[in-house]
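In what follows, a single structure is set out as structure tokens and then discussed.
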Amino acid sequence: MKRSLALLSVLVLLVAAGCGGGKKSSANTTTEATGGSKLKIGLVTDIGGLNDRGFNHLSYLGLLRAQHELGVDQRVYQAKSTQEYVPNLSTFARQGYDLTIGVGFTEATAVDTAATNFPKSKFAIVDVDQTEEQHKPANLLGLLFKEQETGYLVGYLAGLEEKRKPGKDVIGSVGGQKQPPVDRFIAGYQAGAKAADPGITTLNNYSEDFSDLAKCKQIALNQIGQGAGVIFQVAGGCGLGALDAAKEKGVWGIGVDADQSFLGPYILTSAVKRVDTAVFDAIKLVVDGKFKGGNVVFGLKDNGVAIGKISPKVPKSEVAKVMQIRADIIAGKIKNIPTEVK
């Protein structure tokens, strides 16, 4: 087991090193590994691509883990436009892949179309509720998360940080689009902040983009101009621009999906979403012959979401309060965390 974990760590480091920049790959570019396995798994990224340092990257890590631990073959298609989602998903099904995985809510309609057109193929989709798809395909598994729980934790910490500083208490968030998984993060963030600091002001805007760093940076700069001392990015690759604005203006930044503390000491913490675990678990269901359509939901209780590394600059008393809130959510003492941004 130790040897397996060590090898997996090497894979993770190699992928992280390769996803730090460069031009985005076209839809026809693939990453592939074959080794004679009977099961073939296809992954279709959204337009953020594997270099988003978050959502798609984590999906790929889950795929690599399945390749290493479960012996599957894998291939990835990266889309550069939303029009390429259906062709990419359909290609895997047409080629007889045992499972095709879509990454993200923007692929919801596309995966519904592909799964309906290829009813004998298996599909999974991150962040999409199978029961809310138009055709509710029986061969589709939705991989969902309680983003509001980790959002609440990072928001609570943000509220504590603003409360102990002099002046008006303001925090901001930048969403990629107003869609359920994004809003669950933000709604939880706002609720947590208000629980820690009832008088706090929460700002929120959407970039309508998950790739253009400049759009998110400008929104964050505007929020900082209105007094925001913390910026939470929920916009994938675009959100890196929001964090850059936080760095530039000397305020706290909060990462999303992956633990983005590696970006620098200005990162307060991250709202971690274990997309890699969800992707691996979906593949394992196929390997074990237990795959069926429907939904699987991941929360704090089962380690499907988490709070990332907290800056060492944060007082230990605040960290202790956040950990207590975490325990209270898991124990069911904190319920009905908002999931919609109004």
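Sequence-ordered 3J(HN,Hα) estimates for region 119-136 from the Karplus curve with 6.51, -1.76 and 1.60 and θ = phi - 60° stand at x, 8, 9, 9, 10, 9, 9, 6, 6, 10, 7, 4, 6, 9, 6, 4, 9, 6 Hz, glycine and proline given as x. Look at the dipole of the chain built from charges on Cβ: of 187, 71, 142, the Cα furthest out on the positive end belongs to 71. Computed from the Cβ-Cβ distance with R0 of 51 Å, the FRET efficiency linking residue 342 to residue 292 stands at 0.90.
Work through the residues other than residue 163 whose Cβ is under 15 Å from its Cβ and net out their charges, Lys, Arg +1 and Asp, Glu -1. Every neighbour counted, the sum reads 0. Relative to the longest principal axis of the Cα atoms of the chain, the long axis of helix 275-287 makes an angle of roughly 20 degrees. Calculate, in whole percent, how much of the Cα-Cα pair population of region 164-307 lies beyond 25 Å. Result for the distance tail: 31 percent.
Applying both filters, DSSP loop and at most 11 other Cβ atoms within 10 Å, to the trypsin sites (Lys or Arg not before Pro) of region 259-335 gives 290, 292, 313, 333, 335. Within the listed set 88, 56, 303, the Gaussian network model of the chain (springs between alpha-carbon atoms below 10 Å) gives the highest mean-square fluctuation for 303. Here the mean projected area of the convex hull built on the C-alpha positions of the chain is 16.8 nm². Between 201, 82, 116, the Gaussian network model of the chain with springs among Cα atoms under 10 angstrom shows the greatest mean-square fluctuation at 82. Rounded to the nearest 500, the 222 nm mean residue ellipticity of the chain from helices alone is -13500 deg cm²/dmol, with -39,500 (n - 2.57) taken per DSSP H run of at least 4 residues.
Simple point charges give the picture: +1 on the Cβ of Lys and Arg, -1 on the Cβ of Asp and Glu, and for region 273-342 a dipole about the Cα centre of about 220 debye.
Each value in this text was obtained by applying a stated rule to the coordinates, not by laboratory testing. Owing to the predicted nature of the structure, the values given are computational and were not obtained by experimental measurement. Don't worry about glycine lacking a Cβ; one is built from the backbone with ideal geometry, like all the others, and counts go over all protein chains shown.
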